[in-house]
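Since the structure comes first, as structure tokens, the remarks are kept for the end.
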Amino acid sequence: MDRYSRITEKNPREIVLLRGSGCKWRRCRFCDYHLDFSSDEKANYRLNKQVLGQVEGIYSSLEVINSGSFCDLDEESIGEILQVCKDKTISRIHLECHWRDRETLSQFRSFFGEHGIQVTVKMGVETFDEVFRDGVLQKGMDHVKPQEIARYADEVCLLFGLTGQSEASMIKDMETGLAFFNRVCVNLMTKNTSRMEPDPVVLDIFKDRIYPKYSADSRVDILLENTDFGVGGESRHE
Ligand code: SF4
């Protein structure tokens, strides 16, 4: 599995896929990304140190992703991230967090902020339709509204290509995401080992009618394949 890449367009940054103790929720019906974990902290640290060793700092911006939330990384790995940021003069770090771990974010904003590194938080929301999100997808976000999510997250991930979604619902999600957050990242559902299947009709609607409308928007990343950021190889959405 590739764990290091560079995103050269729109918001250029280096990206690393690290490994932690894993998502604690593990119930989202569309997801098998939570399988990328190990309870062996030392092994995780060795792997993460090797991956972080590839970072060059060329964009002064680094995205760190891992199955689950940033707080699922071990302390030594988090220390290594800080060291790499200092060594490579990286001034912005992007990290991911599940809603249920939101209260851990202020400590990470402070921890990196003390060293002049700005933290940008991306949260997997998948859709702003709370009934669909927390009822059908079992995302575990307590039917929370976008205003409340925006108190914690700067950016959101949306997931399209699911039975039940429509052109209108996807546009509503995009517009809500752009209204409340700095950036929106769209993942398209792909076949994985979870119980949910991609819906080809919804995917075609997205590609024909939604993608052309937003593909040039500098605030929107669209991952037509879940490896489009150059990391992973398994399904991943946080
Ligand atoms: S989508 Fe995120 S929160 Fe949900 S099970 Fe997968 S890793 Fe966990």
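The values are calculated or read from the model by the stated rules, or taken from the named source; none is laboratory data. Please read all numbers here as calculations on a predicted model, not as lab measurements. We place every Cβ from the backbone using ideal geometry, glycine too, and count neighbours over all the protein chains shown. Ligands, DNA and RNA are stripped out before the accessible areas are found, and what is left, the full protein with its side chains, is counted by its heavy atoms. Shrake-Rupley method; radii C 1.70, N 1.55, O 1.52, S 1.80 Å.
With every protein chain present, what accessible area does residue 191 have (1.4 Å probe, heavy atoms only), rounded to the nearest 10 Å²?
130
Enumerate the amide H contacts of residue 120 below 5 Å, restricted to partners 5 or more residues apart or on another chain; note that Pro and chain-start residues carry no placed amide H.
93, 94, 95
How do 98, 115 stack up against each other in accessible area, from largest to smallest, with a 1.4 angstrom probe?
From most accessible down to least: 115, 98.
How large is the accessible surface of residue 143 in square angstrom, using a 1.4 angstrom probe and rounding to the nearest 10?
Spelled out: residue 143, probe radius 1.4 Å, area about 100 Å².
Which net charge results when you count Lys and Arg as +1 and Asp and Glu as -1 among the other residues whose beta-carbon is under 12 Å from that of residue 38?
Net charge in that neighbourhood comes out at -2.
Each residue of segment 32-49 in order: what ³J(HN,Hα) in whole Hz does its phi give by Karplus 6.51 cos²θ - 1.76 cosθ + 1.60, θ = phi - 60°, with x for Gly and Pro?
10, 4, 5, 6, 8, 7, 8, 8, 8, 4, 5, 5, 4, 4, 4, 5, 5, 5
Under 5 Å between amide H atoms, partner at least 5 residues away or on a different chain: which partners does residue 23 have, H built in plane at 1.01 Å?
Counting only residues 5 or more places away or on other chains, the set is 68.
Magnitude of the Cβ-charge dipole of the chain, K/R +1 and D/E -1, about the Cα centre, nearest 20 debye?
Its charge dipole is roughly 120 debye.
³J(HN,Hα) across segment 122-133 via Karplus (A = 6.51, B = -1.76, C = 1.60, θ = phi - 60°), whole Hz, x for Gly/Pro?
Values, residue by residue: 10, 10, x, 9, 6, 7, 8, 7, 5, 5, 5, 5 Hz.
Run the 1.4 Å probe and let me know the accessible area of residue 45, rounded to the nearest 10 Å².
40
Please list, in chain and number order, the residues 5+ apart from residue 28 or on another chain whose amide H is under 5 Å from its amide H, with Hs placed from the backbone.
none
Using a cut-off of under 11 Å, list every residue of segment 176-199 whose amide N is near the label point 7 Å from the Cα of residue 138 along the Cα-to-beta-carbon line.
195-196
Between helix 167-180 and the chain, what is the angle of the helix's C-alpha long axis to the longest principal axis, kept within 0 to 90° and rounded to the nearest 10?
Computed tilt is about 40 degrees.
How far, in nm, would the chain grow between residue 218 and residue 179 when pulled straight, counting 0.36 nm per residue and subtracting the alpha carbon separation?
12.6 nm
What is the percent carbon and sulfur in the accessible area of segment 4-223, measuring with a 1.4 Å probe over the protein chains and ignoring ligands?
It is 48 percent, rounded to a whole number.
For the chain, what is the mean residue ellipticity at 222 nm derived from helices alone (per DSSP H run of n ≥ 4: -39500 (n - 2.57); sum divided by total residues; nearest 500 deg cm²/dmol)?
When only DSSP H runs of four or more count, the value is -7500 deg cm²/dmol.
Please list, in order, the residues from segment 1-33 whose amide nitrogen is less than 17 Å from a point placed 7 Å along the Cα→Cβ vector of residue 163.
So the set is 29-31.
Share of Cα-Cα pairs in the chain beyond 31 Å, in percent?
Numbers: 4665 of 28203 pairs.
Result: 17 percent of Cα pairs exceed 31 Å.
How much accessible area per residue does segment 61-209 have, counting only protein heavy atoms and a probe of 1.4 Å, in square angstrom?
Solvent-accessible surface per residue comes out at 41 Å².
When only Cα pairs under 8 Å and 6 or more residues apart are kept, what is the percent relative contact order across the chain?
This gives 22 percent for the chain.
Between residue 145 and residue 201, with labels modelled 7 Å along Cα→Cβ, what's the label distance in nm to one decimal, could you check?
Simple spin-label model gives 3.3 nm for this pair.
Can you say what percent of the DSSP beta bridges in the chain, counting only those with both residues inside, are antiparallel? Round to 5.
15
Modelling each spin label as a point 7 Å along the Cα-to-Cβ direction, I'd like the residue 43/residue 118 distance in nm, to one decimal.
3.9
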